[in-house]
Amino acid sequence: MAWNEWEQLKADAADRHSTGMQLNQLDPGGGGGSSALPGQTGDLKVGHSDLTKIGSQAHELYDSLWNKARVAIPSSDKAAGDLSGQGFALGGGLKHVSTRWDEQLKSLMDACAHISNHMQVTKKVHAGDEHYIHRQVSSIDALDAGFDERVGEPGKKNPAYEPKK
């Protein structure tokens with residue numbers, strides 16, 4: 001692509017006021033994409049069961065990789081050594097593939113372990129937050145009830161806190 005052509009494409013894009021990112025997607029009316037208007041999106045909600053499922057899936061994948069994917073490494077290394085010992089250049093290539101496989105496998109297994117551990121920690125932290133918030137709100141309710149019952153009939157609001165008429 002020539003430099004002038006690149007400059008022309010940039011100028012055309014600027015003329016179309018294309019300053020944001022554009023994603024190719026299905027028409028929202030056709031069942032794809034989001035039907036929410038900008039500024040009307042909801043909150044992300046994640047429950048304890050969701051975190052548990054994610055952590056469990058990551059742990060299962062880690063176990064599967066440990067049991068099945070690393071089995072080929074020792075036999076590949078042995079075959080690479082045998083081929084190299086017999087003077088075949090293929091032995092060095094096989095050793096390289098085996099080494100890269102081992103590196104990538106360890107990286108993937110580390111990521112699975114990290115996800116699983118993070119979900120466990122996140123679940124515990126959120127549970128602790130929930131208990132803390134519950135204790136704080138409960139103490140406020142008890143305090144309010146004490147103020148409400150000191151003046152007037154039990155169960156009625158303290159007139160001192162009523163809005164002025």
Excluding same-chain residues fewer than 8 positions from Lys164, which lysines have a Cα within less than 19 Å of its Cα?
Lys156
Taking the simple approach of a point 7 Å from Cα along Cα-to-Cβ for both Ile133 and His114, what is their distance in nm?
2.8
The stretch 64-129: Lys pairs at Cα distance under 20 angstrom, eight or more positions apart or on different chains:
6
With every protein chain in place, the accessible area of His118 for a 1.4 Å probe, in Å² rounded to the nearest 10, comes to 100
Computed label-point distance, nm, for sites Gln104 and Lys124 using a 7 Å Cα→Cβ extension:
3.4
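The values are calculated or read from the model by the stated rules, or taken from the named source; none is laboratory data. The model shown is predicted, which means the values in this text are computed figures rather than measured ones. Don't worry about glycine lacking a Cβ; one is built from the backbone with ideal geometry, like all the others, and counts go over all protein chains shown. Accessible surface is based on the protein model in full, side chains and every heavy atom, while ligands, DNA and RNA are left aside. Shrake-Rupley method; radii C 1.70, N 1.55, O 1.52, S 1.80 Å.
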